Amino acid sequence: MSPDDEILREFLLETHENLALLDSDLVKLEINPAEKSTLAQVFRTFHSVKGTAGFMGLVKLQEVSHAAENLLSKLRAGEITFNPPIATALLRVVDAIREILSNIESTGVEGSGDYTGVAAEVDRLRQQNVGESKPLPATSAIPAPTLETRIELPPPASTLEISESPSAELEFTFADTPVPSGESAEKVTSHVADAAIRVDVGLLDKLMTLVGELVLARNQILQHSQSHEDSGFLGAVQQLNLLTTELQTSVMKTRMQPIGNVLSKFPRIVRDLSVACGKQVRVEIDGQETELDKTLIEAIRDPLTHLIRNAVDHGIEPPAVRKSHGKPEEGWLKLVAFHEGGKVIVEISDDGGGIDETKVRDKALKANLITAEVADRMSRQDLLRLIFVPGFSTADRVTQFSGRGVGMDVVRTNLERIGGTVDIESTPGQGTTIRTKIPLTLAIIPALIVASGGERYAIPQVNLLELVWLDAEHAQHGIERLHGVPVYRLRGKLLPLVFLDEQLQLATLRKEGDELNIVVLQADERPFGLVVEAIRDTEEIVVKPLQKLFKGISAFAGAAIMGDGRVALVLDPVGLAQRASVISGARGRALGEETAEITTPIESHALLLFAPTAGGRMAVPLADVARLEEFSRSRLESLGERLVVQYRGEILPLLDVSAGLAALAVPPSPCGPGPAALSDLVSVVVYDAGAERIGLIVGAILDIVNDPLAIRALANREGVLFTAVVHDQVTEFLDVAALIEATKPPHLHSVK
Amino acid sequence: MSLPQQFCTFYLAGQCYGLDVLRVQEVVRSQPLTSVPLAHPAVRGLINLRGQIVTAIDLRRRLHLPELAEISEPLNIVLQTDDGAVSLLVDDIGDVLEVSQEQFELPPETLQGAAGEFIQGVYKLSDRLLVILDPERIVAITNQPATKT
C-alpha cells in the first residue's frame, strides 16, 4: 500500500468516526442552538474534511464541506441562528459526505453523484439569513420534505435588530459580542491528540486466543508448582498467575463497547423520520454506558433501528391527533439499556397510540394466522405477541420508512439468532414498550462465588440482595415449614428457602444442626433465600451461553471461566426459583411411589398450552414435549384395545387427554369424551413420559409460553397436578402419568 | 454411500473407532471437568479449552459401554459442530488411517437398538475392525430429565 493510500485510509476511518459525532451534534444544536462548544466542534469537523479533501484532490468532497464550513462560520459568529432548515441542509451535507466516502472506499473515486444542489442549498441559507442577496429561484433547490418552518424565539436578554431590507417573516438574533466572520474563520483550535487508537478486531480476536493459550500454560505450571517447595519458584508462579489473569481480563474488556455506540445514532434517525412523517418526537436515552461485546452491538443495530422506526412511524400520533386526545403535541421516545440477570436489556418505549389488541386479533384472523376459537381464548398479552408472527401486519397504511410492519418477525428472528428475545407491552392510547434481552457473550459482570456439592457456582451480583449466616442453633430453630415449604423469618418477613443441593440433585453433605449460609436473591421482584454450603468470594466473570445440549435446564444462565482457568456454572436465580416453587406444587408424589417415579416435575418455566378435545385450557412442560404433529384421522389404527399411529418407524400409542380425564373422574363423568371433532386432522402432542413416548390427542395447540407460575392452587380433580394462572388465565397442569395409568389395560376406555 | 476416506481413530473398551478426520478439530489430553447437574448422563461436564468453554461427552456412556476404571484419565477428541466445539472423552488415541472403499460394510442389523444408531459402518482392516461413528448423532443429545442409562 502506497503512502497516499495509507493517508486516505486513515482519513476515511477518522472521518467516518467524526460523521457519527456530527449526527448527534447537529440534532443537539437543533434543541439548543446557542451551544457554542458544539458549534465549534461541528465547524472543526467540516473544516478538517475540507482541508484533507483539498489535499487529496477530492473536488466534490471539498465543495460540499466548504459550503458547510462557511455556514458554520456565520453560525459561530452569531450572525445567524441555527434552525431546522439549517439542520436539514447540514445533515444532507453529512449524507453527501458519507456517500462520497463510501464511493472512495469501494471504487477509489468520488463517484458520479451531483452534489452541487446540496452545496447551493447551504449557500442559499447562509446568504438568505443575512439578507445579502435575493433568494435563489425555488427550482434550483433540491426538493425537501414539507417542513413546518419556525423561527427560534430570541432569548429575552438579547436585542433584536432589523436588517436594512428585511422580509416581514424573518427574524434573527445577534450574539452579544459579534466577531467578524473573516477573523473567526482563522481561529481554529488544533485537534487534541486522541487518547485512543484503532485496533483491528481480528487482531483482538487473535490476542484473545493467545491469552487463552497462556492461561492453559499458566494452569499447567500451577499444577506442577504444587509438588515444589522452592519458595522463590512458588512466588514467581503466583506472580505469573496474577499477571495472566489480569491480562486475560484486560484483553476481554477490549472487545467490550458501550451500547451508546449504537444508541447515539438514533436521535438522527428519529429526527429525519419525524420531519418526514409530520410528527414531533423527543428522544431520551439512558444507560448508554452499558457494555456489550462488539459483535453483539453490530448484531442488534438493525433490529433496534427497525423497532424505533416503527415507534415513530406507527406508534406516535401526529400533533393534531395528540392534541385532540389531550396529549402534548410532542411525543417522546425513550431508549433504556441496563444489565439484568446476566443479560443486557434494551427497552424502547413511546407515548403514542399503543396497539389495539382488537385490531391485532381481527388482522390475525383475516390472515388466517389463528382460528376464532383460539383467538377467543388468547389473553391480551398473547394477542399483542402476534405482531411477531410472520405474515402479520398491523399498519393501516404503507410508508417508505418502515414498510407494513412485516419486519417485526425479522426483528425477532435477528434477535433470536444471537440468543436474544423480544417482548411487548402496550396500553391503547397511552403507548407501547418493547423489551429486548440480549445475552452477554463476553460480557463481564461481577458475581458471587458459592460452593455446593464440591463444585463452585457463580451468582450474578445484580440479583444479590444480602447474605445471611445462621449458626447451628438458629439454623435448627429458625427454619420453619409453611405447607411443606421451608421459610425463614428475615426481619419479620417470610423468606422462602431454596436448598441448592436439592435443586441440583447433588449429594447432600448437610447434617441436622449444621450452620446455614443463605444468599438472599431477587427473582421477578420476589426475594428468596438460596442455601449453599459455602460462600467463597466475588469475582468478575465472563458469562458464556450454554450449548443446545443443555436446553431445558433453567437453573443455569450460562458458564464462566474462573481465575484459575476452571469452568464454573452461572446460576439463574429466576430459573431456580421456578424449579423450587413448582416442585412444591406437584402432587405426583401423592399418587404413590410407582407413579411418582414416572412423574416428571415441571422443571422448566417453558410451557405448552393446549385445549383438550372436550374443551378447557391445560399445560404440560415444554421440556417433555418432543414434537407437535397433526395426523389424518385415517392414519390412526387400533392395536388390541389401544389407538396407535405409525410414527417415525415406530408405533406410537395415542391417548385422548379428555378421555383419560373422564376415566379418572370419581364418580365417573357422564359426559365422557367431547363431541367428535369436525376436522379430519388430529392434533397430537408427542410426549416423553419417563421411559416411554406417547401421543396426547388434543383439541388444539394454543401457545408456547414462559410463565413464573406465581399464582397457583390445588387441583380440583384427578389427572391434574395443580392449577395456576398462566398469562392471566386459569390453567390446569396435566398429570400425564396418572392418565397413562388410568388408561392401561384392562381398564382401557374406548376413545372412538 | 460415499464415506470420507481418512479417519481419526481412537479406542473404547479395546474396540477401535473412527471419526471423519475433517470433523476433528484437535485432540487434547485430560482436562479439569466441571459437572453440570441435571444434564444428560452422557454429558460429563464442561472444560476450558484455551478460553473457550467446551462440552465434554462421555463416549462410553453414549455408546452404552461399561464405565472406565476410575484411575484412568480419558482423552479429549474435540469436534466442530453447528453449536460450537464439543469434546468426546475416549480411552486412547490411535493413528489417522486412510482406508479404501472395498473394506467397507454397512453395520449388521443386530446392532440396531443398543448403539447402532451411532454407527455408520465398519471397515475390515487386516488386524482389526474399524467402527465408523456418525458425529451428528453422537452430539445430538437432548436434555431429558427422566432419561435412564
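Calculate the mean, over all residues of peptide A:201-211, of how many other protein chain Cβ atoms lie within 10 angstrom of the residue's Cβ.
Counting other chains' Cβ atoms within 10 Å and averaging over A:201-211 gives 1.
Quick one: which residues, 5+ away or cross-chain, put their amide H under 5 Å from the amide H of A:TYR647? H built at 1.01 Å from N.
Excluding prolines and chain starts, which carry no amide H, the hits are A:LEU652.
Accessible area per residue, 1.4 Å probe, Å², for the stretch B:1-128: what's the number?
Roughly 48 Å² per residue, with all protein chains present.
Long-range amide H contacts for A:ASP286: which residues qualify at under 5 Å (H placed 1.01 Å from N, peptide plane, sequence gap of 5 or more or a different chain)?
A:LEU335, A:VAL336, A:ALA337
What residues in the stretch A:443-467 lose 50 Å² or more of accessible surface when the other protein chains are added to their chain alone (1.4 Å probe)?
Buried-area filter returns A:GLU455.
Just to check, using Stokes-Einstein with a Kirkwood Rh over alpha carbon pairs, what's the diffusion coefficient of chain B at 37 °C and 0.692 mPa s in µm²/s?
Estimated via Stokes-Einstein, D reaches 206 µm²/s.
Over both sides of the A-B contact, add up the buried accessible area with a 1.4 Å probe and give it to the nearest 100 Å².
2800
What whole number of Å gives the distance from the Cα centroid of the stretch A:324-373 to the Cα centroid of the stretch B:32-101?
Using only Cα atoms, the two centres lie 46 Å from each other.
Using a simple spin-label model with points 7 Å from Cα along the Cα→Cβ vector, what separation in nm is obtained for B:VAL96 and A:GLU340?
Between B:VAL96 and A:GLU340, the simple spin-label model gives 5.0 nm.
Can you list the lysines whose alpha carbon sits under 24 Å from that of A:LYS551, skipping same-chain ones fewer than 8 residues off?
Within reach: A:LYS343, A:LYS437, B:LYS148.
Quick one: length gained pulling A:GLU289 to A:ARG635 fully straight, 0.36 nm per residue minus the C-alpha distance?
That pair, A:GLU289 and A:ARG635, stretches by 118.7 nm at full extension.
Can you give me the solvent accessible area of A:LEU549 with a 1.4 Å probe, rounded to the nearest 10 Å²?
Spelled out: A:LEU549, probe radius 1.4 Å, area about 10 Å².
Going by Cα centres, the stretch A:516-565 and the stretch A:456-505 are how many Å apart?
Using only Cα atoms, the two centres lie 15 Å from each other.
Show A:LYS366, A:LYS437, A:LYS206, A:LYS544 ordered by accessible area, largest first, where the area counts protein heavy atoms only and the probe is 1.4 Å.
Numbers: A:LYS366 160, A:LYS437 65, A:LYS206 125, A:LYS544 45 Å².
My answer, sorted largest first, is A:LYS366, A:LYS206, A:LYS437, A:LYS544.
Non-local amide H neighbours of B:GLN120 (under 5 Å, H modeled in plane, Pro and chain starts lacking H): which ones?
B:ILE132, B:LEU133, B:ASP134
For the pair B:HIS64 and A:ALA367, what calculated FRET efficiency results from E = 1/(1 + (r/R0)^6), where r is the Cβ-Cβ distance and R0 = 35 Å, to the nearest 0.05?
0.10
Sort the stretch A:490-548 into rounded, prolate or oblate with this rule: let a ≥ b ≥ c be the square roots of the eigenvalues of the Cα gyration tensor; rounded if a/c is under 1.5, and if a/c is not under 1.5, prolate when a/b is larger than b/c, oblate otherwise.
Working: a/c = 1.70, a/b = 1.23, b/c = 1.37.
Note, shape of the stretch A:490-548 comes out oblate.
Go through the stretch B:134-139 residue by residue and turn each phi into a ³J(HN,Hα) via Karplus (6.51, -1.76, 1.60, θ = phi - 60°); whole Hz please, and just put x for glycine and proline.
8, x, 5, 6, 4, 8
Just give the residues from the stretch B:22-43 buried by at least 40 square angstrom of accessible area in the all-chains context relative to the isolated chain, probe 1.4 Å, and say none if nothing qualifies.
When all protein chains are present, B:PRO32, B:THR34, B:VAL36, B:PRO37, B:LEU38 each give up 40 Å² or more of accessible surface.
In whole angstrom, note down how far apart the Cα centers of the stretch A:253-290 and the stretch A:615-642 are.
When both Cα centres are located, 48 Å separates them.
May I ask you to evaluate 6.51 cos²θ - 1.76 cosθ + 1.60, the Karplus curve with θ = phi - 60°, for each residue of the stretch A:72-83 and list the ³J(HN,Hα) values in order in whole Hz, giving x for glycine and proline?
Residue by residue, the stretch A:72-83 yields 4, 4, 5, 5, 5, 6, x, 6, 9, 10, 4, 8 Hz.
Given a 1.4 Å probe and every protein chain left where it sits, what share in percent of the accessible area of the stretch A:477-573 is carbon and sulfur?
49
What is the dipole size for the stretch B:54-97, taken about its Cα centre, with +1 at each Lys and Arg Cβ and -1 at each Asp and Glu Cβ, in debye to the nearest 20?
140
The values are calculated or read from the model by the stated rules, or taken from the named source; none is laboratory data. In this text, all values refer to a predicted model and were calculated from it rather than measured experimentally. Here the Cβ is made from the backbone with ideal geometry for all residues, glycine too, and neighbour counts use every protein chain on show. Side chains are part of the model used for accessible areas, which takes the heavy atoms of the whole protein and leaves out ligands, DNA and RNA. Shrake-Rupley method; radii C 1.70, N 1.55, O 1.52, S 1.80 Å.
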